[in-house]
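For reference, the structure discussed in these notes is given below.
Every number here is computed from the coordinates shown, using simple stated rules; none is lab data. All values reported here derive from a predicted model rather than from experimental measurement. Note that each Cβ is placed from the backbone with ideal geometry, even for glycine, and that neighbours are counted across all protein chains shown.
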Amino acid sequence: MRRLIAVFTIALFLTAGIVCGASAAVINGAGATFPYPLYARWSFDYAKTTGLKLNYQSIGSGGGIKQIRSKTVDFGASDAPLTARELAEYGLIQFPMAIGGVVPVVNIKGVTAGQLKLTPSALAGIYLGEITRWNDKRIAEINPGLGLPDEAITVVHRSDGSGTTWIFTNYLAKVSKGWEKKAGFGTSVSWPAGVGGKGNEGVATYVKRMPNTIGYVEFAYALQNKLVHVKLENRGKKFIEPTAASFAAAGQGADWKGTPGFSVILTDQPGKDAWPIAGATFILVYKNPDDCVSAKSVLDFFDWSYKNGAASARALDYVAIPKNVYDIMEESWAKEIKCGGKPLWKM
């Protein structure tokens, strides 16, 4: 399945369709690279029924927000949730699609997946440019016997506006006062160290090809590219593997209903089994769309994905949004999205 998804990620058009009612010939969307493997799988499965197309540009969350605001696409996709004020200002509604994890990945000779352990302070120190060699004692002391090389660390980060970067830097800002003060968090920041790659794909390629590198990607990209992930120490002081179960643990107890715009932040969550750099990915559509047919087509597709795509999400190491969250989301569709003053979505 992962080889099949890898093929999808180089295609311009992903097939998708509409289950009922009037439908657009093509649904156009753009944004986050974080969920792209999952959208590809859902699109392929949905096409088996309809044969219609979803044209999704995996250009990063910043680009997705810009394109939906300029009304050049039917929906935008972002891993960085907009605030309630931003949603109101732009006339948008936001809803979550899935939960995943951002994982640090390395290319160090002799080190295999899950062998290298990093604390929050060590990870922040590397990205701050304060820890510059792999055998630095701040890394070596938490990895006794691993035999880390006396080699310079090449730091890789995103060069584009990125929701993956938003999640990663939000985490660093929470666990490191030095990072919070020097770089902060956002879809793009002023990086203290390193080289940039465009998209999750670009970072994955850099790390795979360059020795002694460290980068951060969505977990599906680490799996597809056979990258070496690290274990991270979480708030429970436990070194955790990135898995669908540890991503789900980060989402437990989140107040989806009480958070405006579903803008729940899942980084550095409590819980002994929670992956510390988890996040939800979001869809953005207009409350009063100009093209009602296309807007309904978008909702139809994502409604189908919620109801039928959980198994595909698990297969790709994402976590589907729970049913209680979907029910709240569907209520918001029916209440807030209107065409000609009438609800576009009927429950």
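Under the classification rounded if a/c is under 1.5, otherwise prolate if a/b is larger than b/c and oblate if not, where does region 102-262 fall, given a ≥ b ≥ c as square roots of the Cα gyration tensor eigenvalues? Rounded, because the longest to shortest axis ratio a/c is under 1.5. Exposure proxy ranking for VAL293, VAL155, VAL203, based on other Cβ atoms within 10 angstrom of each Cβ and starting from the fewest, stands as VAL293, VAL155, VAL203.
Counting only DSSP beta bridges with both residues in region 102-262, the antiparallel share comes to about 60 percent. Taking a ≥ b ≥ c as the square roots of the eigenvalues of the Cα gyration tensor, region 211-276 is classed as prolate, since a/c reaches at least 1.5 and a/b is larger than b/c. Peptides 176-188, 307-319, 97-109, ordered by how many other C-beta atoms sit within 10 Å of their residues on average, highest first, read 97-109, 307-319, 176-188. A convex hull fitted to the Cα coordinates of the chain yields 122 cubic angstrom per residue.
Could you tell me the distance between the Cα centroids of region 263-294 and region 73-135, to the nearest Å? A separation of 13 Å, based on Cα centres. Dipole of the chain computed with +1 at Lys/Arg Cβ and -1 at Asp/Glu Cβ about the Cα centre; of PRO96, ILE139, LEU54, farthest Cα towards the positive end is ILE139.
Look at the alpha carbon pairs under 8 Å that are at least 6 residues apart: their mean separation over the length of the chain gives a relative contact order of 24 percent.
Normalised by the number of residues in region 102-262, the mean separation of alpha-carbon contacts (under 8 Å, six or more apart) gives a relative contact order of 34 percent. Exceedance of the 29 Å cut-off in Cα-Cα distance is limited, within the set LYS66/LYS335; LYS198/LYS307; LYS177/LYS287; LYS181/LYS257; LYS66/LYS181, to LYS198/LYS307; LYS177/LYS287; LYS181/LYS257.
Each of SER159, ASN234, GLY202 was placed along the dipole of region 102-262 (beta-carbon charges, centred on the mean Cα), and the one lying farthest toward the positive end is ASN234.
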